[in-house]
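Okay, so here's the structure we're looking at.
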Amino acid sequence: KKYNSGVIGSIQMDEKNQMLSEVSVVGERPLVRVIDGKMTYNIPQLLTGKMASSIYDAVLELPGVQQKLLEAVAETGNIQLVGANNVTILINGKKTNMDESQLNNLLKNMPKERIREAEVMYSAPPRYHARGAVINLVLNNETSDIQQLQGQSARTLHSLRIMVSRYLPERKHG
């Protein structure tokens, strides 16, 4: 039939059943979500194709985060957030008792696989007990029967000789 008007009328469709062998629903979490002034970054997705081995390296990949140059010792170290005077780093929503250097060393020794997301807030809510900007590192809740030890050790050759000499019996010549 040929219709000249804009009104078609009713259309009837025949029913046809078809069995599908499989249905896949593919989705992807967004790289960043902004909720109540908090930017939450999906760290595994953020680090795709980037060179990062530790949580410290992962934090430096966050937009607006950089290392502060410590002029007194001419080296990089503390983490700073662009547009903020100071930044507090929280782990799973809690402050640590460590100073900045100790916290940086801890983050440098933790593998990037331990972090799930990072929450960046330029004005922290009162529940965090921190003034100013905050970066909250949310770690994976891994529970394992295997005890894991992680850390860093450094000694000079001189102090190592002293330590070894204390525990070895003296040799008698002759």
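Each value in this text was obtained by applying a stated rule to the coordinates, not by laboratory testing. Please read all numbers here as calculations on a predicted model, not as lab measurements. Glycine also receives a Cβ, built like all others from the backbone with ideal geometry; neighbour counts cover every protein chain displayed.
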Report summary line: Two pseudo-spin positions, 7 Å from Cα along C-beta at residue 35 and at residue 48, lie apart in nanometres by 2.1 nm
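What FRET efficiency comes out for the pair residue 114/residue 22, r = Cβ-Cβ distance, R0 = 41 Å, nearest 0.05?
Details: r = 34 Å, r/R0 = 0.84.
Rounded to the nearest 0.05, the efficiency is 0.75.
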Query - Modelled label reach - residue 86, point 7 Å along Cα→Cβ, the stretch 115-129 residues with backbone N closer than 20 Å - result: 120-129
Query raised in the report: Label points 7 Å out from Cα along the Cβ direction at residue 78 and residue 131: separation in nm?
Result: 1.4 nm
